[in-house]
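Take a look at the structure below.
Just so it is clear, none of the values below were taken in a lab; they were calculated from the coordinates. The structure displayed is predicted, hence computed values, not measured ones. Heads up, the Cβs are rebuilt from the backbone with ideal geometry, glycines too, and the neighbour counts pull from every protein chain shown.
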Amino acid sequence: MATIDFTGVSDGFAIIPEGIQNVTVFKVEQKISAASKQPYLNWTLKIQGGDFDGRQMFYTSSLQPQCLWSLKATLKNLGYADEDLKGQFALDTEELLGRECQAVVIHEEYKGEMRDHVDKLIAPEGGAVGGNGGIGLYR
């Protein structure tokens, strides 16, 4: 038998309010959707500052041709130049790590519960892209 102390343990995470959160890109992984069998990027973001400092949020970018406009907009918001995002493009996801940006948080119902959801990533306040100084990101 195990003795477990639940003192001070919450029933779950508080929902993050709708609006803008300052975040840092913590991880970006290419995965395959179990449902569609199509590739996508799974972004792990960490909130910087405020009541939710350090909390992780997730964002996905479909890699299906009809959805690449959204990934292109995200990369532009993270500092990539238009001329870099034409034709064939090799995205080094390691260059995204440590990038500072802002997450637009909305609320959506999922399985009967309201959840926070990252709707899109935008340039940080003031438009200056910060982070790890990856090659090709500052133009």
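Annotation: extensible slack from GLU18 through LYS86 equals 21.2 nm (criterion: 0.36 nm per residue apart, minus Cα-Cα distance). Sorted ascending by nearby beta carbons within 10 Å, beginning with the fewest, CYS101, CYS67 become CYS67, CYS101. Only alpha carbons enter this Debye calculation for segment 19-122, each as an equal point scatterer, and the log10 of I(q)/I(0) it gives at q = 0.14, 0.22, 0.25 Å⁻¹ is -0.57, -1.32, -1.52.
Computed from backbone phi with θ = phi - 60° and the Karplus coefficients 6.51, -1.76 and 1.60, the 3J(HN,Hα) list for segment 82-98 is 3, 5, 6, 9, 10, x, 5, 9, 9, 8, 8, 5, 4, 5, 7, 5, x Hz; x is used for glycine and proline. Here the residues ASP84, ASP116, ranked from fewest to most Cβ neighbours within 10 Å of their Cβ, fall in the order ASP84, ASP116.
For the chain, a simple Cβ point-charge model (Lys and Arg +1, Asp and Glu -1, everything else neutral) yields a dipole of about 480 debye relative to the Cα centre.
Relative to the longest principal axis of the Cα atoms of the chain, the long axis of helix 68-77 makes an angle of roughly 90 degrees. Since only GLY87, CYS67, ASN22 are under comparison, the one whose Cα sits farthest along the positive direction of the charge dipole of the chain, derived from C-beta charges on Lys, Arg, Asp and Glu, is GLY87. Short-range pairs are left out: with C-alpha atoms under 8 Å and at least six residues apart, the relative contact order of the chain is 26 percent.
Gain on full extension, evaluated as 0.36 nm per residue between LEU68 and HIS107 minus their Cα-Cα distance, stands at 11.7 nm.
Ordering PHE89, PHE6, PHE26 from the fewest to the most neighbouring beta carbons within 10 Å gives PHE6, PHE89, PHE26.
Between THR44 and ALA2, how high is the FRET efficiency from 1/(1 + (r/R0)^6) when r is the Cβ-Cβ distance and R₀ = 30 Å? Nearest 0.05. In this case the efficiency is close to 0.45. Structure remark: mean-square fluctuation, Gaussian network model of the chain, C-alpha springs under 10 Å; the largest value among LEU68, LEU45, LEU121 belongs to LEU68. Taking trypsin sites (Lys or Arg not before Pro) across segment 1-46, the ones in a DSSP loop with at most 11 further Cβ atoms lying within 10 angstrom of their Cβ are LYS37.
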